[in-house]
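Trainee: After the C-alpha cells below, expect a handful of questions from me.
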Amino acid sequence: MLIKSGPGFSRRRILKGLLNGGAVAVSLPLLDVFLNENGTAMAAGAPLPARFGTWFWGLGVDSEIFVPKTFGADYVLPQQMKPLEKVRRHINLFSNYNVFTDGKPNLCHYTGWVALRCGHVPANKTSLPGESLDVAVSDAIGAGARFRSLTLASTGQPRDSYSFRSADAVNPPETSAVDFYRKIFGPEFQDPNSPTFTPDARTMVRKSVLSSVREESKSLEQGLGAADKIRLDQYFTSIRELETRLELQLQKPPPAPNCKIPGKAPDETPVGLDVELVTARHRAMSDMLVMALSCNQTKVFNMVYSDSASSLVRNGSERTHHILTHEEPIDPKLGVQPNSSWFVNRAIESWAYFVEAMAATPEGDGSLLDHSLVYAHTDCQFAKVHSLESIPMFTAGTLNGRVKTGLHIDGKEQAATALGFTCQRLMGVPASSWGTQSMEASREIGEMLV
C-alpha cells in the first residue's frame with residue numbers, strides 16, 4: 001500500500017545545492033509519498049499525467065464495407081473494419097458527422113482535414129485559419145515535458161504535417177525512425193530511472209544565451225507591421241519552448257518505472273512511398289513513440305500514416321492511391337473500387353497496430369492507452385467525389401477512466417467539430433465553443449463521457 005503525503009513533504013519541494021560554485025535546484029522525483037493509497041492519483045487528488053495524440057490517414061474509407069449498420073456497443077464489424085477486432089474495446093467510431101462549408105468551395109483533400117483540425121473552413125489551399133487542436137492541448141498540458149509535442153510522418157515526407165499554430169508556423173514532422181530515436185534517446189536524453197543526475201554545463205550556457213536573445217526581442221518589435229509582429233511572436237514562442245526544454249534538462253526527471261530505453265536505433269527504412277515501406281516506417285515510429293511516452297518525453301503527439309491526397313503506391317503498380325480513387329471504376333458486385341480499397345485496408349491495419357502498441361504498454365494501474373486519448377480522422381468520406389458528409393473519426397483510450405470505449409456513435413448530421421471540441425474539453429482546454437459559423441461546436445458528445 002502506498003502512503004499519503006506526510007508533513008513536510010510537497011511535490012513542489014526542491015533540493016538545493018551548489019554546482020561549480022553556482023546554485024542548483026533539483027525537483028524531487030514522483031515518490032510514493034506524493035500518491036494516493038491506490039497509486040492512481042496525486043495525494044491531493046490531482047490525476048496522474050495524461051497524454052493526447054492525433055492519428056491521420058488520407059482518402060477516407062469505403063462506406064459500403066466500413067460503416068457498421070447499428071450504433072452503440074454491440075455493432076458488427078464490417079469487412080473494412082475487421083483489422084480492428086483486437087482493439088475494438090479500446091476505440092470509438094464516430095459516423096454521421098459532417099463538415100459544412102458555408103458557401104466556401106470544397107477544396108479537394110484540404111477542406112475536410114483543416115476543418116477537423118482547427119474548426120474553420122479554409123478559403124483557399126494556403127489558408128490555415130486557426131491553430132490545430134493539438135497545439136491548443138499542448139498549451140494546456142504540455143508544460144513539464146521535455147517536448148511540448150512530437151509530430152511524425154510515416155510517409156517520410158517533411159511536408160506531411162497536420163499540426164500548426166498558423167500557416168506560417170507548421171510543426172515539422174520527424175520523417176525517419178532513426179532520426180527520431182536520436183532526438184529522443186540521443187546524448188541529451190536524461191534517464192528518468194538513473195540513481196544519479198548531473199546537470200550538463202553546456203545546457204546551462206545554451207539556456208543563458210536563449211534568455212538573452214529573448215530579451216533582445218522587445219527592441220525588435222518597434223517599427224514592425226502587424227503581420228511581422230505575429231511572425232516574430234511565433235518565432236520567439238518557439239525559442240521560449242526550447243528554453244523551457246533546456247530548463248527541464250537541468251532538473252532530474254521524475255522516475256518512469258516502465259521506461260525501457262532501446263539498446264540501439266531501429267533499422268533505417270529506405271526512402272519511398274511504397275505501402276510496405278510506409279507500413280514499416282509507421283511501425284518503427286510507433287514503437288519509438290510508445291517508448292518516448294513511457295519515458296515522459298512528451299504529453300502530446302501527432303502521427304501521420306498517409307497524406308491527405310495519398311501518394312502511396314503498391315508494389316508493381318505505378319498508379320498512386322489518389323489516382324486510383326478517380327480512375328478506377330466501382331465494382332458492381334463489391335460496391336467498391338477494389339484496388340483503391342486495398343490501400344484503405346492497409347491504413348486501418350496500421351491504425352490497429354498503433355492502438356495495440358499503446359494498449360500493450362503497461363503503465364501504473366493499467367496501460368499507456370488507458371491514460372491517453374487519441375483522436376484519429378481522415379480528410380473526406382468517399383475520395384472519388386471528395387465527400388465531406390460523415391467523415392469517419394475515431395478515438396482510442398479511456399483517459400484515466402473518463403471516456404467510454406467500444407462504441408459506434410451516431411452524429412446525426414451535426415458538425416464534425418463536436419468531437420474535436422469534446423477532446424479539447426477533456427484535456428483541459430478552457431474553451432466554451434470551438435469552430436466558426438455552421439462548424440461551431442459548444443456541446444460535448446455525452447455518449448462517450450463517463
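Trainee: Find the residue count for region 311-339, including only residues that are polar (S, T, N, Q) and either part of a helix (DSSP H, G or I) or outside the structural domain of A357 (by TED's automatic domain parsing) (or both).
Mentor: Within region 311-339, the first condition is being polar (S, T, N, Q), and the residues that meet it are 311, 315, 317, 320, 325, 337, 339.
From what is left, the residues that are either part of a helix (DSSP H, G or I) or outside the structural domain of A357 (by TED's automatic domain parsing) (or both) are 325, 339.
The total comes to 2.
Trainee: Let me ask another. In region 371-384, is there at least one residue being more than 28 Å from V278 (Cα to Cα) and in a helix (DSSP H, G or I)?
Mentor: No, region 371-384 contains no residue that is more than 28 Å from V278 (Cα to Cα) and in a helix (DSSP H, G or I).
One line per residue, one yes/no per condition, for (1) outside the structural domain of H109 (by TED's automatic domain parsing); (2) surrounded by 15 or more Cβ atoms within 10 Å (Cβ to Cβ); (3) at pLDDT below 95:
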| site | (1), (2), (3) |
| --- | --- |
| L15 | yes, no, yes |
| G22 | yes, no, yes |
| L31 | yes, no, yes |
| G58 | no, yes, no |
| V67 | no, yes, no |
| K86 | no, no, no |
| L93 | no, yes, no |
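Trainee: Does P173 qualify as being within 25 Å of P49 (Cα to Cα) and out of contact with any Cys (no Cβ under 7 Å at 6 or more places or on another chain)?
Mentor: Yes: the conditions hold for P173.
Trainee: Could you please let me know if E413 is in contact (Cβ under 8 Å) with a residue 60 or more places away in the chain, assigned to a strand (DSSP E or B) and more than 30 Å from I141 (Cβ to Cβ)?
Mentor: The answer is yes for E413.
Trainee: If you don't mind, another one. Report, by residue number, each residue of region 281-310 that is acidic (D, E) and in a loop (DSSP other than H, G, I, E, B).
Mentor: The one that is acidic (D, E) and in a loop (DSSP other than H, G, I, E, B): D307.
Trainee: Among the residues of region 369-377, is there at least one that is in the same structural domain as L93 (by TED's automatic domain parsing), surrounded by fewer than 20 Cβ atoms within 10 Å (Cβ to Cβ), in contact with an Asp or Glu (Cβ under 9 Å, 6 or more places away or on another chain) and of a type outside the set (D, E)?
Mentor: So the first thing to find is which residues in region 369-377 are in the same structural domain as L93 (by TED's automatic domain parsing), and the list is 369-377.
Among the residues that remain, those that are also surrounded by fewer than 20 Cβ atoms within 10 Å (Cβ to Cβ) are: none.
No, the conditions are met nowhere in region 369-377.
Trainee: Give the residues of region 69-84 that are part of a helix (DSSP H, G or I), of a type in the set (A, V, I, L, M) and either surrounded by fewer than 22 Cβ atoms within 10 Å (Cβ to Cβ) or touching a Pro at 6+ places or on another chain (Cβ under 6 Å) (or both), sorted by residue number.
Mentor: Initial filter on region 69-84 (part of a helix (DSSP H, G or I)): 79-84.
Next cut, of a type in the set (A, V, I, L, M) only: 81, 84.
Result: L84, single match.
Trainee: Being buried (at least 21 other Cβ atoms within 10 Å of the Cβ), assigned to a loop (DSSP other than H, G, I, E, B) and either modelled with pLDDT under 95 or in contact with a helix residue (DSSP H, G or I) (Cβ under 7 Å, 6 or more places away or on another chain) (or both) is the filter here; which residues of region 97-119 pass it?
Mentor: Matches in region 97-119: V99, G119.
The values are calculated or read from the model by the stated rules, or taken from the named source; none is laboratory data. Just so you know, these numbers come straight off a predicted model, no measurement behind them. In this analysis, Cβ positions are derived from the backbone assuming ideal geometry, glycine residues included, and neighbour counts consider all displayed protein chains.
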